[in-house]
1. Convert each backbone phi in segment 321-333 into a coupling constant with the Karplus relation 6.51 cos²θ - 1.76 cosθ + 1.60 (shift: θ = phi - 60°), then list the ³J(HN,Hα) values in order as whole Hz, x for Gly and Pro.
2. Could you work out [θ]222 nm for the chain from helices alone, using -39500 (n - 2.57) per DSSP H run of at least four and dividing by all its residues? Round to the nearest 500 deg cm²/dmol.
3. Specify which residue in the list Met181, Phe80, Gln247 is farthest towards the positive end of the charge dipole of segment 8-414, using unit charges on the beta carbon of Lys, Arg (+1) and Asp, Glu (-1), about the Cα centre.
4. Extension gain Ile209-Ile39, at 0.36 nm per residue separation less the Cα-Cα distance, in nm?
5. What ranking do 373-384, 45-56, 295-306 get when scored by the average of other Cβ atoms within 10 Å per residue, highest first?
6. Rank-order 323-336, 196-209 by packing density, defined as the average count of other C-beta atoms within 10 Å over each peptide's residues, highest first.
7. Under the rule a/c < 1.5 gives rounded, and otherwise a/b versus b/c splits prolate from oblate, where does segment 151-263 land using the Cα gyration tensor?
8. Do any of Lys168/Lys271; Lys102/Lys143; Lys75/Lys244; Lys143/Lys206; Lys143/Lys358; Lys102/Lys358 go past 24 Å between their Cα atoms, and which?
Amino acid sequence: MKIKKPSLIVQIFLGMFLGIAVGFFWKDTAVNFHILSDIFMRLIKMIIAPLVFSVLVVGIAKVGDFKSVGRIGIKTLLYFTALAIVSLLLGLLLVNLFEPGKSMALTLPTAGTETGVEASKGFDAKTFIEHIIPASIADAMAKNEILPIVIFAMFFGVGASSIGKKGKVVVEFFDAVSHIMFKVTNYVMAFAPLGVFGALAAVVAKQGIGVLSGYIYLISTFYLGLLFFVFIVLFLICFVTKIKFFQLLNHIKEPVLLAFSTASSEAAMPKTIESLERFGCGNRIVSFVLPLGYSFNLDGSMMYMTFATVFIAQAYGIHMSLSDQIIMLLILLITSKGMAGIPRASLVVIAGMLTYFKIPVEGLLLLLGIDQILDMGRAATNVVGNAVATAVISKWEGELNYHHHEMNIDKMKLD
C-alpha cells in the first residue's frame, strides 16, 4: 500500500513543532539551523520580480478590455477601490492599536547595522522619485524593488492593451509567464517546511519558548479584525443600500464554509455564483462582477497585507512612521491587483513590501507557520466581500430581485 504524502500544510505544521522542540532541547545546535530559512528566503526573493511583473501586466491589460462594459465596469472598480482602502486601513488600525508584533521582540539579523536605519532618514523628494521611477527596469528587477516594477508594468500593460491585436500576443505571453511563475511558486513553497523548521528552531533557541504566546495574540487580533469587517463594515454597506444582509449570508453559507476549510476563496467560486443567483442577483451582473472581484476585491487578503507588514516591523522593533504606512497602503492598493488564485501570493507581495521598507524579509517565516490559520479567515472574508459587492452592483443596476428567482425555481418544479 502506497503511503500518501502529507499536504504542505501538515508538513509546515510538522516543521513548526519540530523546530520548536529542537530549539528548546538542543539550543547550541539549533542556532545554526537558520541557514535553512536563509535558503528558503532567497528562493522567495528570486520569484518576486517576474511574478509581480507578469501578473500586473496581464491584470492591467485586461482592465483595458472592459472599457466596452463601461458603466458597470466603472461602478464596480470604484466600489472595489473604496473597499480596498477600507480593508487596508482596518489592517493598519488593528496592528497599530494592538501591536501584536511587540511581544515577539526579535533581534535584527546580523547585518542589522544598516537594516531599518536607512528607512528612517527624513523625506527627500529626489530619493523618493528615484525609488518610484526606474532608470532601468532590469536594475529594479535585479534589486527586487517592487514599486518601480509596478510603475513599469502599468505603462507596459496599458500600452499592450492599446495596440490591439499585436499587443494581445504579448499579453498572452505574459499570461503564460505568470502561470509558469505560479508553478515555480509551488516548487519554492515545497521548501517552506524546512524554512519554517530552521527559523523557529533558531528563534526558540535564541529567545526561549515565551516567543510563542505572541502567536496566539496575533491570530486572535487578526480574526477580531475580520469579524469587524464582515459584521460591521459589510453590514453597514448592505444597510445603506437596503440589501438583506443576513438573508444573503444565509444563501452563501456553504461557499463561505468551503472557502474557510480549504483556505481558498477560488474553491468556493462556482458555488458562490449559484448562491447569488438564487439570492436574486442578475445573472449578467454575477458573471461580470464576481470574476472581477476575485482579482480586485480580496478584502481579507488586503487587510492581511498591511497587518502582516507592520507586524513584522514591530517584531524587529522597527518603527514605521505614518508617512511610511501611507506609502505602503498606496503601493499595496496597486500591487494586490491580480494576485487572486495564487497560493501564498500575499506572502510574495509582503516580501516585496519588506524589501522596500528595509525590514528583514526573514520575518516572513514568523507568519509561514500560522499562515494557513490566517488564510482560512482571509478566504472566507473574501467570499463574503465579493458576494456583497455583487449584490450592491445588482441593486444599483436595478437587477436585484429577491422573489423573482424563487418563483422561477418553483415554476420549474411545477413544470
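Every number in this text was worked out from the coordinates using simple rules, so none of it is lab data. Bear in mind the structure is a predicted one, so any value in this text is a computation, not a measurement. Cβ atoms come from the backbone with ideal geometry, glycine included; neighbour counts cover every protein chain shown.
1. 3J(HN,Hα) across segment 321-333, in whole Hz: 5, 4, 5, 4, 5, 5, 4, 4, 4, 5, 5, 5, 4.
2. Details: 21 runs with 306 residues, N = 415.
Helix contribution divided over all residues of the chain: -24000 deg cm²/dmol.
3. The one lying farthest along the dipole's positive direction is Gln247.
4. Numbers: separation 170, 0.36 × 170 = 61.20 nm, distance 2.42 nm.
Gain in length upon complete extension: 58.8 nm.
5. Details: 373-384: 23.7, 45-56: 21.2, 295-306: 27.3.
Top of the packing list down: 295-306, 373-384, 45-56.
6. On the way: 323-336: 18.4, 196-209: 22.8.
Final packing ranking: 196-209, 323-336.
7. Numbers: a/c = 2.42, a/b = 1.12, b/c = 2.17.
Oblate, since a/c reaches 1.5 and b/c is not below a/b.
8. Values: Lys168/Lys271 31 Å; Lys102/Lys143 29 Å; Lys75/Lys244 21 Å; Lys143/Lys206 30 Å; Lys143/Lys358 12 Å; Lys102/Lys358 18 Å.
Beyond 24 Å between Cα atoms: Lys168/Lys271; Lys102/Lys143; Lys143/Lys206.
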